[in-house]
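S.K.: One structure, pasted below without further comment.
The values are calculated or read from the model by the stated rules, or taken from the named source; none is laboratory data. What you see is a predicted model, and the numbers here were worked out from it, not measured in a lab. Neighbour counts run over all protein chains shown; Cβ positions are idealised from the backbone, glycine included. Ligands, DNA and RNA are excluded from the accessible area calculation, which covers all protein heavy atoms including side chains. Shrake-Rupley method; radii C 1.70, N 1.55, O 1.52, S 1.80 Å.
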Amino acid sequence: MEIYLDNSATTRVRNEIINDIVMVITENYGNPSSLHHKGFKAEKILNYSREMIARLLKCSPEEIYFTSGGTESNNLAIRGYLKANRRKGNHIITTAIEHPSVSNTFLDLKKDGYNVDILPVNPMGYVNIDDIKRIITEETALISIMMVNNEIGTIEPIKEISAIAKEKGVALHVDAVQGFGKLDFDVKEYGIDMLSLSGHKIYGLKGSGALYVGRDIKIAPILTGGGQERDIRSGTENMPGIIALGKAAELLFGKIDENARFMYELKKKLVDELKELDGWSINGPGLNEAAPHILNISFSGIRGEVLVHSLEEYGIYVSTGSACSSKHHSESPVLKALGLKPNAIQGAIRISFSIFNTEEEVVKAAEAIKKIVPELRKYTRR
Amino acid sequence: MDKLFMVSYGEMALKGANKKYFEDILARNIKSKIRNCKIEKLSGKFLLNINTDLLDQDIINTLREIFGISRIARVFKTDLNLESIKNKTKEILNSLEFKSFKVEAKRPNKKFPYTSPEINKIIGEYILQNIDGIKVDVHNPDLIINVEVRDMAYIYTHFEKGAGGLPYGTSGKAVSLLSGGIDSPVSSWMMMKRGIEIIPVHFYSFPFTSERSKQKVLDITNVLSKYSYNGMKLYVVFFTDIQKAIYDNCPDSYIITIMRRMMMRIASKIVKKEKALGIITGENVGQVASQTLESIFVTNSLADFPVYRPVIGMDKQDIIKVSKEIGTYEISIRPYEDCCTVFVPKHPVTKPNYEKVIEIEYGLEIEKLIEESLSRTEIIYVK
C-alpha cells in the first residue's frame, strides 16, 4: 500500500482530467497559433483554461499568462516587472523564507546592482508589517512575498502588505504556488499586482503554471520569440499542461473551503494520534493557523531524512529539508530563518496532504511514526 | 560494410607458453563487445574484420575499453602486388592533410619479392610523384604510412593507444569493496586492468542511507562493467542490522574499526562462495584519520584471503585523475554517502588496539549477524 503525504512537493493528477489530457495529445493536437480549424480548436481549449483560472482568482481571463510553472512565473513577474519599470526605483524587497525561484532571482538581481532587502520572519514564519513600513522608500519598486510557505505553511498577511504597497505605489508580487486552489481569496480584493501559480500542486501536470498580471501592471517578456501569450510569454503553448491546469481549477471551484476543512481534519487527526509520542513539536504557526495542507514537525533525537527513508519501508512518503551528509550542509533556509536550533532542523519532516488522502491513511502514518521514532532515537551520533 | 582494424597486444605477447590462453580470452572479450567481428590472429596482433554501420571512431572508442589491447589502427587491405598497393595508398592519402611523410613497410610474408626498404622506396616515390606539395621526412614526418605485407597488403596511417593491461578474466577472480566514493572504483579498475575479474560488493544501510546511494554504486558498477566481459555481478549486502548491533555494543571510537572488520568477514564469505582468491579495497594510508597502518592491521588480520589495495600509495589528486579518465568521478561526487553520519563517531580511534578489538567483539553475535546480513543480500547483474 502506498500513502502519499508529500503533496506540497507534487500531487497526483486527478483521474477526471486524464481524458482531457489524452484528447489534447491525440485529437485536438493543433497549435493554437495555426489559422485552420485545428488551431482554432486548440485556441478554444487555451481560452477555456484561462477562464477557469480567472474564475478561481476572481479576475479577468486577459490577466492570465500561461508559463512552464512556478519558477518561470516568479522569474517573469520579478524580472519582467523590473525590466518594464526601470524608473520605479532600484530597491526591491522579499523575505527570508521564499522559494529558491524567488530568493535566487533576488540574489541574481543584487549582482546586477539592485538594492535588495530580505525581511526576517518571526519564529512562526510571519513577516513583520512594521519592518516593511520601515524599509519601504521612494526608491522601492517591488515587493515579492509568498502567500503560503511551502515548508511550514505560514500564511503571510498579504492584505496588510498590499495596503502598504498601494500607499507607496510599490508593485506587489505574490508567489501563490502553495496557496492557489488551497485558500479562497480574491486577487483584486487582496490588492495583488502579480501572482504565480503552478499546475502540479493542484492535481494538474508538471511543467505548467500561470502568472496573473493585473490590468494596470506593465511587464516585459523575459523570453523572446513568436509572441504567444500577448507577447509576454513566447513559445508554443504546453497544451496538455494547460488543459490539465484549467480542468484542475474548474474542479476546485466552489470546493476550496470544503477541501481545506477536509485536509485540516486529516492534519488534526495526525497530530492527535501523535500525542502519545513525546519529544516532537510543530514548526511554524501551529496546527490551526498554518495552511490546511502543510504540517512541519521536528522530532528530537533523530535525523529527518532517516525518518523519511524509514517511512518509505511502510510505503509512506513525506519529505525533509536536509540531506544525510557530513560534507554537504544542506539545512533548510526556511527553518533556519525561524531561528530553529540545528538539531530541530535536522529532525524536521514535512507532511503535506491532498484531497485524495484518507483518515485511515493518516492513522496508519501516525502509527508508523510512533513505531519508528523511538527506534531511531536509539541511534544518534556519538 | 566491412571494416578492418588491427589491434596489437603489448604485454601479452611476452607470455610464452600461455600466450594462446591470453589471446583466446582477448578474442572472446572483443567479440562480446563488438558485433559481427571476425578475428584473424597474426603474430602479436589481431586483425578484426567488422561488418558494421558504426563510425570508425565509435569502434575505436569501444576497443579502447578492452584491456590487453595496446594499439588500435583502422587498416585497409589490398591485393599483394605493387600496383594495388600504390593505388590503395593514394586513395587513403587523398582524404588526409599532411606536409611530410615516410613509408614504413614490414614483410612478414617473405614470399613477396620486394624487401621492406625496397617497398619503402617504391611507394614513397609513387606518392611524391602523385601528390603535390609534400616531401619525405624520415625523422619527424607528419604522417607514417605503414604497409604490412602478409597474405594481402595492409595499409594504415594512424593508430591510437589502447587501454593496455591484460585481458579481463585472465588473472583470476577477486571481490572488490565498492563504497560509491572516489577511491574504490579506481582500485577496482586498476585490478581489472591486470586481468582480474571483479565481483563488486556494496554494504547498504537503508534507511540510514537512501536508494540514491545504492543507485550510485549501481551506476559505478555499470561504468566498470564496460571494461569487463559480459557484465558484472554486484552484491548489495544488507548492513543496517550490523551497523545497529555495532552501535549498541561497541565503544564509540571503535565503531568504524569493528564495522570494517565485519565488512572483511562478509567479503571473505563472498570470496569463498564465488571461488575467488582475494579482496580488493580502496584503502589509502592517511587519507582519513582512521586509515592508518594500525587500522589496516586489525582489519586485514581476519581476512582469510589476500587483501589488495592498489591505490594505497597514490595521492588523492592522482586517484581523482584516474577516476575522471574512467568515468566514475562524476558519479562518485554525487552527495549521497554510503554511511550515515549517525554511525560515524566524532572521534574514531586512529590506532586501534588488537587485544581491545577482540575483547569488544566478544559482545557481538558475529556469525549470526553475518548470516542474517547475507541472507538479505541482493545480487544484481549489471551489464
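S.K.: Using the Kirkwood radius built from alpha carbon pairs, what does the Stokes-Einstein equation give as D for segment A:83-139 at 4 °C and 1.567 mPa s, in µm² per second?
M.R.: Roughly 106 µm²/s, to the nearest whole number.
S.K.: For segment A:254-271 and segment B:266-321, what is the separation of their C-alpha centers, rounded to whole Å?
M.R.: Cα centroid to Cα centroid, the span is 56 Å.
S.K.: If eta is 1.306 mPa s and T is 10 °C, what Stokes-Einstein diffusion coefficient results for segment B:102-209, Kirkwood Rh from Cα pairs, in µm²/s?
M.R.: Reported coefficient: 86 µm²/s.
S.K.: Can you give me the P(r) profile for segment B:173-382? Cα pairs, bins 10 angstrom wide beginning at 0, each as a whole percent.
M.R.: For segment B:173-382, the binned pair fractions read 9, 36, 41, 14, 1 percent.
S.K.: Given R₀ = 22 Å, FRET efficiency for B:Lys226-B:Gln57 by Cβ-Cβ distance, to 0.05?
M.R.: Plugging the Cβ-Cβ distance into 1/(1 + (r/R0)^6) gives 0.85.
S.K.: Please work out the C-alpha center-to-center distance from segment B:331-383 to segment B:96-124 and express it in whole Å.
M.R.: Cα centres, segment B:331-383 to segment B:96-124: 63 Å.
S.K.: Per the Debye formula with a single identical scatterer at each Cα and no solvent contribution, what log10 I(q)/I(0) holds for segment B:2-161 at q = 0.10, 0.19 Å⁻¹?
M.R.: At q = 0.10, 0.19 Å⁻¹ the computed log10 ratios are -0.39, -1.23.
S.K.: Would you look at the GNM of chain A, springs on alpha carbons closer than 10 Å, and say which of A:Gly241, A:Gly227, A:Gly204 moves the most?
M.R.: It is A:Gly227.
S.K.: Can you give the convex hull volume of the alpha carbon atoms of chain A per residue, in Å³? Can you show the working numbers first?
M.R.: Working: hull volume 54.5 nm³, N = 382.
Spelled out: Cα convex hull of chain A, divided by residues, is 143 Å³.
S.K.: Under a point spin-label approximation (7 Å from Cα along Cα-to-Cβ), what is the B:Tyr362-B:Phe305 distance to one decimal in nm?
M.R.: Using points 7 Å along Cα→Cβ, the separation is 3.2 nm.
S.K.: Here's something else I'd like to know. Specify, per residue and in Å³, the volume enclosed by the convex hull of the alpha carbon atoms belonging to segment A:222-364.
M.R.: 186
S.K.: List the aspartates and glutamates whose Cα lies under 16 Å from the Cα of B:Lys102, skipping any in the same chain that are fewer than 8 positions away.
M.R.: B:Glu118, B:Glu125, B:Asp132, B:Asp137, B:Asp142, B:Glu148
S.K.: Mind checking the angle between helix B:116-130 and chain B's longest principal axis? C-alpha axes, 0 to 90 degrees, to the nearest 10.
M.R.: So the helix axis and the longest Cα principal axis differ by about 70 degrees.
S.K.: How large is the accessible surface of A:Thr10 in square angstrom, using a 1.4 angstrom probe and rounding to the nearest 10?
M.R.: Counting only protein heavy atoms, the figure is 30 Å².
S.K.: Pop a pseudo-label 7 angstrom from the Cα along the beta-carbon direction at both B:Thr350 and B:Gln215 and give the gap in nm to one decimal.
M.R.: Output for this residue pair reads 3.8 nm.
S.K.: Count the DSSP beta bridges whose two residues both fall in the protein assembly as shown, then state the antiparallel fraction as a percent rounded to the nearest 5.
M.R.: So the antiparallel bridges amount to about 55 percent of the total.
S.K.: Another question, if that's okay. Place +1 on the Cβ of every Lys and Arg and -1 on the Cβ of every Asp and Glu in segment A:151-240, take the dipole about the Cα centre, and give the residue among A:Gln228, A:Val170, A:Ile152 whose Cα lies farthest towards its positive end.
M.R.: A:Gln228
S.K.: Right, next: Roughly how many nanometres apart are two label points built 7 Å out from the Cα toward the Cβ at A:Glu62 and B:Arg376?
M.R.: 6.5
S.K.: Then there is this: When a/c is below 1.5 the answer is rounded, else prolate if a/b is larger than b/c, else oblate, so apply that to segment A:1-64 with a ≥ b ≥ c taken from the square roots of the Cα gyration tensor eigenvalues.
M.R.: oblate
S.K.: List the relative contact order of chain A as a percent without decimals, with contacts defined as Cα pairs under 8 Å and 6+ residues apart.
M.R.: That works out to 23 percent.
S.K.: Pull up the DSSP beta bridges for chain A and report the antiparallel fraction as a percent, rounded to 5.
M.R.: Taking every DSSP beta bridge within chain A, about 50 percent pair in antiparallel fashion.
S.K.: Mind checking the angle between helix B:366-375 and chain B's longest principal axis? C-alpha axes, 0 to 90 degrees, to the nearest 10.
M.R.: Tilt relative to chain B: about 50 degrees.
S.K.: By how many nm would the segment from B:Lys321 to B:Glu11 lengthen if fully extended, with 0.36 nm per residue of separation less the alpha-carbon distance?
M.R.: Working it through step by step, the gained length comes to 109.2 nm.
S.K.: Also: Which one, B:Ile242, B:Ile358, B:Ile320, has the greatest fluctuation when you compute a Gaussian network model over chain B with C-alpha springs under 10 angstrom?
M.R.: Looking only at B:Ile242, B:Ile358, B:Ile320, the largest GNM fluctuation is found for B:Ile358.
S.K.: Okay, next question. Computed FRET efficiency, Cβ-Cβ of A:Ile129 and A:Glu51, R0 41 Å: what is it to the nearest 0.05?
M.R.: Computed FRET efficiency for A:Ile129 and A:Glu51: 0.75.
S.K.: Something else: So what are the radius of gyration and Dmax for the Cα set of chain B, in Å?
M.R.: Both quantities, over Cα of chain B: 26.7, 87 Å.
S.K.: Please work out whether the protein assembly as shown counts as rounded, prolate or oblate from its C-alpha gyration tensor, where a ≥ b ≥ c are the square roots of the eigenvalues and a/c under 1.5 means rounded, while otherwise a/b larger than b/c means prolate and anything else oblate?
M.R.: It comes out oblate by the Cα gyration axes.
S.K.: Next up: Between A:Asp216 and A:Glu139, what's the calculated FRET efficiency when r is the beta-carbon distance and R0 is 25 Å? Round to 0.05.
M.R.: It comes to 0.75.
S.K.: Specify the angular offset, from 0 to 90 degrees and rounded to the nearest 10, of the alpha carbon long axis of helix A:158-168 from the longest principal axis of the alpha carbons in chain A.
M.R.: In chain A, helix A:158-168 runs at an angle near 40 degrees to the longest axis.
S.K.: OK, next. Using only the Cα atoms of segment A:1-153, each taken as one equal point scatterer with no solvent, compute I(q) by the Debye sum, divide by I(0), and report log10 of the ratio at q = 0.16, 0.20 Å⁻¹.
M.R.: Here log10 of I(q) over I(0) equals -1.06, -1.28.
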